[in-house]
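Derivation of every value follows stated rules applied to the coordinates shown; laboratory data play no part. Everything numeric here is computed off the predicted structure, so don't read it as measured data. Here the Cβ positions follow ideal geometry from the backbone for every residue, glycine too, while neighbour counts run over all protein chains shown.
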Amino acid sequence: MSMNLNIESSIHLISRTDVLSTLREWVKLSRQRLGLTQEELSKKSNVPATTISRLERTGLASTDSLSRVLFALDQLDSFYDFLKARLRFASFPKTLEDEVPNKKILRVRHKRGNEK
């Protein structure tokens, strides 16, 4: 019996660059969808236009600037929902043993009555 495992299709590695690229695209497309220029988004979010430009080019910004921009783009709620879901997942135990580390499982045997 031969097992044919395709390891390449089961491993998916995401790099930091992939994440930053997706973030910058998300911000830029969200801004464009609302018909805002970088300057208008700057005024609406109270984040310097140079920071918005850098965010759209590189995906890099402080968490404060990112949250202000996402709020101005009406995207902060969806980002918050994503973070809350990840937080719930992070709080799960890794294994069942982690959930109840010192609790012994007791088995109860029922005695059968005398059957004739």
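For L41, L83, which order do you get if you count the other beta carbons within 10 Å of each Cβ and list the fewest first? The partial results should precede the final answer.
Values: L41 22, L83 10.
Ordered from fewest to most neighbouring Cβ atoms within 10 Å, L41, L83 come out as L83, L41.
From zero up to wherever the largest Cα-Cα distance of the range 12-72 sits, split into 10 Å bins and tell me the percent of pairs in each.
That works out to 25, 57, 15, 3, in percent per bin.
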